[in-house]
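Below is one structure, written out as structure tokens; the observations come after it.
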Amino acid sequence: MKKMRKFRETILKLSITAALSIATFPSCKEGGEKVPFIQFEHVKEFTRDSLRTYMEYEGMYNRLSLIRYQVEENIRSSSSVTYTAQGMICTIDTLTYDVKLAATVGGSRAFSVTASIKDATVYYVEYQFDAAGKLTLAKVIIPGDNNGAGSEQWVSYNYTADNIEINEGNAIYNIPLSTEENTGYVCNAYAFAEAPLTNRYIINPDLYFLNIYGMPVEQLPAGETIQRIGANDSRLSRVGKFYYTYY
């Protein structure tokens, strides 16, 4: 009887350890593609226009644990980030995001994101990355688009030393890059193209801090106002209309 109890306790411990190894950052999925672990600065509040996103972190890897979304001082939603064996789930405003992670060893990145309201899918995105870990291709499916018939669209990303080109099918958007460092990777450089599919579906600005979109852009967009905390602290406090505060 004691042997059986000990055996069950061992199995339980192994199961818990396996679940934690998958659900924490960095990712530890066996047999997956090896990718670098990218350390983001821990942004406490991300502000643009009247929108504010407040974030909390926890655990050994300082995983993002809570996202609070506000319009000015009005709290629209406050959601814990739930980590699962497949990825993570959280709710921002009216949408619940189910992030499925790719099989990787080291860092974590999205395989897909499903946004839904209750049981109805609002949109679905799948991601592909190049050998350097940068986002190169995304497939967007919007079930309620095209007069209810649904639509599927592909978006590609091409990089040079000083530019990102976003091809959204009928339109091409460019993001010229400066020589300024994206310190702590807190700036979502893709947002500066104002590319509608990218900004609305593919790289959600509030999910950006989950560190799921592959290798971040290492340079800041050109022609934007850039402010840092101080002479002895190079962390970014502002890039264009985006403002950041830290723990």
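No lab work stands behind these numbers, since they all come straight from the coordinates. Computed from a predicted model, the values in this text were never measured in an experiment. Every residue, glycine as well, gets a Cβ built from its backbone with ideal geometry; the counts of neighbours run over all protein chains shown.
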TODO: Please get the size of the charge dipole for the range 120-247, origin at its Cα centre, with Cβ charges of +1 on Lys and Arg and -1 on Asp and Glu, quoted in debye to the nearest 20.
DONE: 280 debye
- [ ] Return a whole-number percent for the relative contact order of the chain, with Cα pairs under 8 Å and 6 or more residues apart as the contact set.
- [x] 16 percent
- [ ] Calculate for the chain the 222 nm mean residue ellipticity that helices alone would give, adding -39,500 (n - 2.57) per DSSP H run of length 4 or more and normalising by residue count, nearest 500 deg cm²/dmol.
- [x] -3000 deg cm²/dmol
Task: Potential lengthening between Thr94 and Lys34 on full extension [0.36 nm per residue; Cα-Cα distance subtracted] - done: 18.1 nm
TODO: Can you pull the one-decimal nm distance between simple spin-label points at Thr160 and Asp130, each 7 Å off the Cα toward Cβ?
DONE: 1.3 nm
Open item on the list: Place a point 7 Å from Cα of Glu152 in the direction of its Cβ. Which residues in the range 86-129 have their backbone N less than 20 Å from it?
Closed with: 100, 111-116, 121-129
TODO: Using only Cα atoms, locate the centre of the range 28-69 and the centre of the range 73-120, then give the distance between them in Å, rounded to an integer.
DONE: 12 Å
Task: Length added when fully stretched, Asn167-Arg200, from 0.36 nm per residue minus Cα-Cα - done: 10.4 nm
Open item on the list: Need one number: nm distance between label points at Ser234 and Arg48, each 7 Å from Cα along Cα→Cβ, rounded to one decimal.
Closed with: 2.4 nm
- [ ] Estimate the FRET efficiency between Asp145 and Glu41 by the formula 1/(1 + (r/R0)^6), using the beta-carbon distance for r and 35 Å for R0, to the nearest 0.05.
- [x] 0.45
- [ ] Could I have the simple spin-label model distance between Ala85 and Glu56, label points 7 Å from Cα toward Cβ, reported in nm to one decimal?
- [x] 2.8 nm
Open item on the list: Can you tell me which aspartates and glutamates have their Cα less than 17 Å from the Cα of Lys139? Leave out same-chain residues fewer than eight positions away.
Closed with: Asp98, Glu126, Asp130, Glu152, Glu165, Glu168
Open item on the list: Apply the Karplus curve 6.51 cos²θ - 1.76 cosθ + 1.60, θ = phi - 60°, to the phi angles in the range 40-46 and return the couplings in whole Hz, x for Gly and Pro.
Closed with: 7, 5, 8, 6, 8, 9, 10
- [ ] In debye, nearest 20, what is the charge dipole magnitude of the range 36-145 about its Cα centre with +1 on Lys and Arg Cβ and -1 on Asp and Glu Cβ, if you could check?
- [x] 200 debye
Open item on the list: Run the reach check for Lys241 against aspartates and glutamates, Cα to Cα strictly under 13 Å, same-chain hits fewer than 8 apart removed. What comes back?
Closed with: Asp49, Glu194, Glu224
- [ ] Return the sequence-ordered ³J(HN,Hα) values of the range 52-63 in whole Hz as given by the Karplus equation 6.51 cos²θ - 1.76 cosθ + 1.60 applied to θ = phi - 60°, using x for Gly and Pro.
- [x] 9, 10, 9, 10, 10, 10, 7, x, 4, 9, 6, 5
